[in-house]
1. Output the 0 to 90 degree angle, nearest 10, between the alpha-carbon long axis of helix 40-49 and the longest principal axis computed from the alpha carbons of the chain.
2. If the cut-off is a Cα-Cα distance under 27 Å, which lysines reach Lys178, setting aside same-chain residues fewer than 8 apart in sequence?
3. For the range 1-143, what does the relative contact order come out to in percent, with C-alpha contacts under 8 Å and a separation of six or more?
4. By how many degrees, between 0 and 90 and to the nearest 10, does the Cα long axis of helix 70-83 differ from the longest principal axis of the chain?
5. Is the range 123-185 rounded, prolate or oblate when judged by the Cα gyration tensor, a ≥ b ≥ c being the square roots of its eigenvalues, rounded requiring a/c under 1.5 and prolate requiring a/b larger than b/c?
6. Given the DSSP H assignment, sum -39500 (n - 2.57) over each helix run of at least 4 residues in the chain and divide by its residue total; what's the result at 222 nm in deg cm²/dmol, nearest 500?
7. Can you classify the range 6-180 as rounded, prolate or oblate using the Cα gyration tensor, where a ≥ b ≥ c are the square roots of its eigenvalues, rounded means a/c under 1.5, and otherwise it's prolate if a/b beats b/c and oblate if not?
8. Among all cysteines in the chain, which have no other cysteine Cβ under 4.7 Å from their own Cβ?
Amino acid sequence: MSPRPAVFLDRDGVLNLVALKAGKPHPPADAASLTPTPGAPALLARLKKMGFVLICVTNQPDFARGARTLANIEAMNRKVRESLPLDDLLTCLHDGPDNCACRKPKPGLLLEAAGKWGVDLSASWMVGDRASDVAAGRAAGCRTIFLAFGYAERPPEPAADFTCGDLAAAVDIIESAKETGDESD
């Protein structure tokens, strides 16, 4: 089978809603309070129709910090998988000081998924709402889309290939690039 393009998507803030506290995004406390981003099922279905493998890649450092149990994180991931047409969902449970290869901004989760799914990273996209998402996408060789929600934190440096205000606009950008044949840099 020839390599396939993928869209890698961050979980919290991209595929599900987050709570803002002092301008910083915070994931839901549990699966019961997890709400998918409005329109996400249909938007992801559009990407699947375009031939993309859909893979969620998420940092969940609250496990390493002792603030969340593995069962809690797995329940939230299960709800995301059941709510959305994803092909896979990969999770980093480490915190920054762990210096693992899987925690974004490093590309480990994207590289793991690419190997597992036969993904052509140069024809793929990373969609995220944090600078670490953009950095991971760049490091893996993907095009990047930054969802600028006005968080009280630094924007990506260097900037993402595209910046927009929501998942719908990101899907429009990917679709436009596919239609014009501008799928890689």
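1. 30
2. Excluding near neighbours in sequence, the set is Lys48, Lys49, Lys104, Lys106, Lys116.
3. Values: 254 pairs, mean separation 43.5, N = 143.
Result for the range 1-143 is 30 percent.
4. That helix lies at roughly 40 degrees to the long axis.
5. Working: a/c = 2.63, a/b = 1.40, b/c = 1.87.
Judged from the Cα gyration tensor, the range 123-185 comes out oblate (a/c at least 1.5, b/c at or above a/b).
6. Numbers: 5 runs with 58 residues, N = 185.
Counting only the DSSP helices, I get -9500 deg cm²/dmol.
7. Values: a/c = 1.33, a/b = 1.28, b/c = 1.04.
Rounded, because the longest to shortest axis ratio a/c is under 1.5.
8. Within the chain, the cysteines lacking a partner Cβ under 4.7 Å are Cys56, Cys100, Cys142, Cys164.
Here, each number is a calculation from the coordinates, and none is a lab measurement. Note that this is a predicted model, so its numbers are computed, not measured. Using ideal geometry, Cβ is built from the backbone for each residue, glycine included, and neighbour counts are taken over all protein chains shown.
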